[in-house]
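Below is one structure, written out as structure tokens, with a few remarks after it.
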Amino acid sequence: MTEQYQHRARKRFGQNFLHDAGVIDRILRSIHAREGERLLEIGPGQGALTEGLLGSGAQLDVVELDKDLVPILNQQFAGRGNFRLHQGDALKFDFNTLGAAPGSLRVVGNLPYNISTPLIFHLLSNAGLIRDMHFMLQKEVVERMAAGPGGGDWGRLSIMVQYHCRVEHLFNVGPGAFNPPPKVDSAIVRLVPHETLPHPAKDHKLLERIVREAFNQRRKTLRNTLKALLSSEEITAAGVDGSLRPEQLDLAAFVRLADKLFEQNGAA
Ligand code: SAM
């Protein structure tokens, strides 16, 4: 008799396993992995996407936090020469240890919703290593990533993600595609790091600080929210109208404010 492992989905690990073959196929077609490519899957779970990714012939590393899933994954995939499992927390994983060439790593994952934003920031700090990323996220998070200035979705996440990447909201996925079904709608997003940053800041830490301060109170004018960092005159000198609210500013304007702060105070 073959050994059978039964796994109960754990809420604290954000486990909502994909079971809809049509959705799995659509995700795999969007990723379109090829032989010889370097892939990294975050949170393979019970392998819903893993099988198809390995089938492409790509070299696949997976990072899974839940120790109980390790035997299930190994039972299915350990015999495959292009599979490597890392048990641990993707938030602490050093992606440089994978030995992938700069700009080559393709990152994929149906991400646990509780870690999706910090994980994407962790990945963006290694953006030079990454060719592209395909993630299943909460639909609202994808909408915020893909938003443009002027609306309620435009904020810290949109700006910091778009600073590094081109963002494509590919398609939405309803709760029924998962087991157990999540309470929210999901969406697949593609993030492609820019080869050359369209609006490079002199110090991206200062950009983060300006954006965080500005959106802390998104109903107030920039002159008000940025008071502790830049004077009204400095905001004007950066070519920005201080009477605007943060959601009315585009990425280039935030970068000008960050560079003005750099001129005044030096690096963060
Ligand atoms: N990829 C599988 C699927 O589509 O069916 C599972 C997706 S499930 C939403 C998220 C997976 O991420 C789970 O397997 C969970 O154990 C794992 N996970 C949660 N937190 C993690 C972390 N910090 N690092 C790595 N994996 C994590």
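The values are calculated or read from the model by the stated rules, or taken from the named source; none is laboratory data. Bear in mind the structure is a predicted one, so any value in this text is a computation, not a measurement. No Cβ is skipped: glycine too gets one built from the backbone with ideal geometry, and neighbour counts run over all protein chains shown. Ligands, DNA and RNA are stripped out before the accessible areas are found, and what is left, the full protein with its side chains, is counted by its heavy atoms. Shrake-Rupley method; radii C 1.70, N 1.55, O 1.52, S 1.80 Å.
Listing for the model above:
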| quantity | calculated |
| --- | --- |
| Using a Förster distance of 25 Å, the FRET efficiency for HIS169-ARG218 (Cβ separation, nearest 0.05) | 0.70 |
| Cα centroid separation - segment 94-132 against segment 206-248, whole Å | 30 Å |
| Residue-by-residue Karplus 3J(HN,Hα) for segment 254-268, coefficients 6.51, -1.76, 1.60, Hz, glycine and proline x | 4, 5, 4, 5, 5, 5, 5, 4, 4, 4, 6, 10, x, 5, 5 |
| Per residue, in Å², the accessible surface of segment 146-268 once ligands and nucleic acids are set aside, probe 1.4 Å | 48 Å² |
| Residues of segment 45-138: accessible area per residue with a 1.4 Å probe, Å² | 38 Å² |
| Of all accessible heavy-atom area on the chain, the percent that carbon and sulfur account for (1.4 Å) | 47 percent |
| Extent along principal axes [Cα atoms of segment 165-268; Å; largest to smallest] | 54, 33, 21 |
| Simple label model, 7 Å out from Cα along Cβ direction - TYR113 to ARG29, nm | 2.7 nm |
| Alpha carbon convex hull of segment 105-197, projected area averaged over orientations, nm² | 6.0 nm² |
| Per-residue ³J(HN,Hα) for segment 235-243, Karplus 6.51 cos²θ - 1.76 cosθ + 1.60, θ = phi - 60°, Hz, x for Gly and Pro | 4, 4, 5, 7, x, 10, 7, x, 8 |
| GNM flexibility winner over the chain from VAL108, VAL62, VAL173 (Cα, springs under 10 Å) | VAL173 |
| Heavy-atom accessible area ranking, 1.4 Å probe, most first, across THR236, THR50, THR117, THR196 | THR196, THR236, THR117, THR50 |
| Listed residues ARG26, ARG106, ARG131, most fluctuating in the chain (Gaussian network, C-alpha, under 10 Å) | ARG26 |
